[in-house]
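Visitor: Pasting in a structure now, in structure tokens, and then I'll have a few things to ask.
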Amino acid sequence: SKVRGSILWMVLGLLISGLTGYFTLIGLSNGTIPFLVVPVAFVLEFVAVIAFTALTYKASASVLKMIFILYSVLTGITLSVIGVLYDPYTIIAAFAGTVVLFTVLAIYGYMTKEDLSKYRSILIVGGISLVIMGIINIFIQSDGLMWIASMLGVAVFIVFTAYDVNRIKNNVIAYALEEDASILNKIEIHGALSLYLDFVNLFLYILRILGRRK
């Protein structure tokens, strides 16, 4: 099914990001890669997401897949700083926890008969709250606020995981009747990006909670 396709593309994206991040970290550590690469990649990430969104209805699924792979590489570069900031065992524990939570919620989102789209407004409010807390904490540097934001972040992206899998499944069902392969392929890669973002954000918030820095 296209839901499985979305998950497989997401896994491919995570593998690309992991390998890119690992080799970038080695390059940063031995000085062969300048640190300037990281903020440049961060900016290009936003450009890639904007391009992906803008080209959704114009470009083919294969072009969107290329942008997704590029985005995965750029994210790997920006996430390489995690290896500088955090203890390796903390990173492994956070990743393992993310895999478990993500898998359980993805299965729930796929198996449930309930339409989870009714939670969309709650998720949007949760997402906006996270952005506002993040901006405030840039200025006040509060550990307490960071901890609250991290707990909220985990809750929001746990629900987002189930919501997105459910949404992909319902979209596939809705468009399967039209038998338009190009639309279904776009739903597949769109779903992959949504799930990839859910996984990465969930991982980052769990990592903050575990928070054993070097």
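Visitor: Tell me, yes or no, whether segment 123-132 has at least one residue that is part of a helix (DSSP H, G or I), touching a residue at least 24 places away in the same chain (Cβ under 8 Å), farther than 14 Å from residue 208 by Cα and among the aliphatic types (A, V, I, L, M).
Guide: Scanning segment 123-132 turns up at least one residue that is part of a helix (DSSP H, G or I), touching a residue at least 24 places away in the same chain (Cβ under 8 Å), farther than 14 Å from residue 208 by Cα and among the aliphatic types (A, V, I, L, M).
Visitor: Within segment 17-40, track down each residue that is surrounded by 17 or more Cβ atoms within 10 Å (Cβ to Cβ) and in contact (Cβ under 8 Å) with a residue 24 or more places away in the chain. Step through it out loud before you land on a result.
Guide: The initial filter retains those residues of segment 17-40 that are surrounded by 17 or more Cβ atoms within 10 Å (Cβ to Cβ), namely 17, 20-21, 24-25, 28, 33, 38.
Passing the criteria: 17, 20, 21, 24, 25, 28, 38.
Visitor: Can you name the number of the only condition in (1) at pLDDT 90 or above; (2) surrounded by 14 or more Cβ atoms within 10 Å (Cβ to Cβ) that residue 43 fails?
Guide: Going through (1) at pLDDT 90 or above; (2) surrounded by 14 or more Cβ atoms within 10 Å (Cβ to Cβ) one by one, residue 43 breaks only (2).
Visitor: Given 182, 194, which one is at pLDDT below 85, of a type outside the set (Asp, Glu), in a helix (DSSP H, G or I) and surrounded by fewer than 21 Cβ atoms within 10 Å (Cβ to Cβ)?
Guide: Details: 194 fails: at pLDDT below 85.
Just a single option satisfies the conditions, and that option is 182.
Visitor: Any idea how many residues of segment 1-40 are at pLDDT 95 or above and not in a helix (DSSP H, G or I)?
Guide: Adding up the residues that qualify gives 0.
Visitor: Another one. Has segment 142-151 got at least one residue that is in contact with a Leu (Cβ under 7 Å, 6 or more places away or on another chain) and open to solvent by 60 Å² or more (accessible area, probe 1.4 Å)?
Guide: Start the filter on segment 142-151 by keeping residues that are in contact with a Leu (Cβ under 7 Å, 6 or more places away or on another chain), which leaves 149.
Adding the requirement that they be open to solvent by 60 Å² or more (accessible area, probe 1.4 Å) leaves none.
No.
Visitor: OK, next. Which residues, counting only those in segment 1-16, are open to solvent by 60 Å² or more (accessible area, probe 1.4 Å) and of a type in the set (A, V, I, L, M)?
Guide: Start the filter on segment 1-16 by keeping residues that are open to solvent by 60 Å² or more (accessible area, probe 1.4 Å), which leaves 1, 4, 8, 11-12, 15.
Hits for segment 1-16 are 8, 11, 12, 15.
Visitor: Something else now. Could you list, in sequence order, all residues of segment 79-115 that are closer than 30 Å to residue 169 by Cα, open to solvent by 30 Å² or more (accessible area, probe 1.4 Å) and free of Cβ contacts under 8 Å to residues at least 60 places away in the same chain?
Guide: Once the filter is applied, which keeps residues that are closer than 30 Å to residue 169 by Cα, open to solvent by 30 Å² or more (accessible area, probe 1.4 Å) and free of Cβ contacts under 8 Å to residues at least 60 places away in the same chain, segment 79-115 yields 96, 99, 100, 103, 104, 107, 108, 111, 113, 114, 115.
Visitor: Residue check, residue 57 against (1) among the aromatic types (Phe, Trp, Tyr); (2) touching a Ser or Thr at 6+ places or on another chain (Cβ under 9 Å); (3) farther than 28 Å from residue 151 by Cα, all met but one. Which one?
Guide: The single condition residue 57 does not satisfy is (2).
The values are calculated or read from the model by the stated rules, or taken from the named source; none is laboratory data. Since this is a predicted model, take the numbers as computed values, not measurements. Cβ coordinates were reconstructed from backbone atoms using ideal geometry, including for glycine residues, and neighbour counts include every protein chain displayed. Accessible surface is based on the protein model in full, side chains and every heavy atom, while ligands, DNA and RNA are left aside. Shrake-Rupley method; radii C 1.70, N 1.55, O 1.52, S 1.80 Å.
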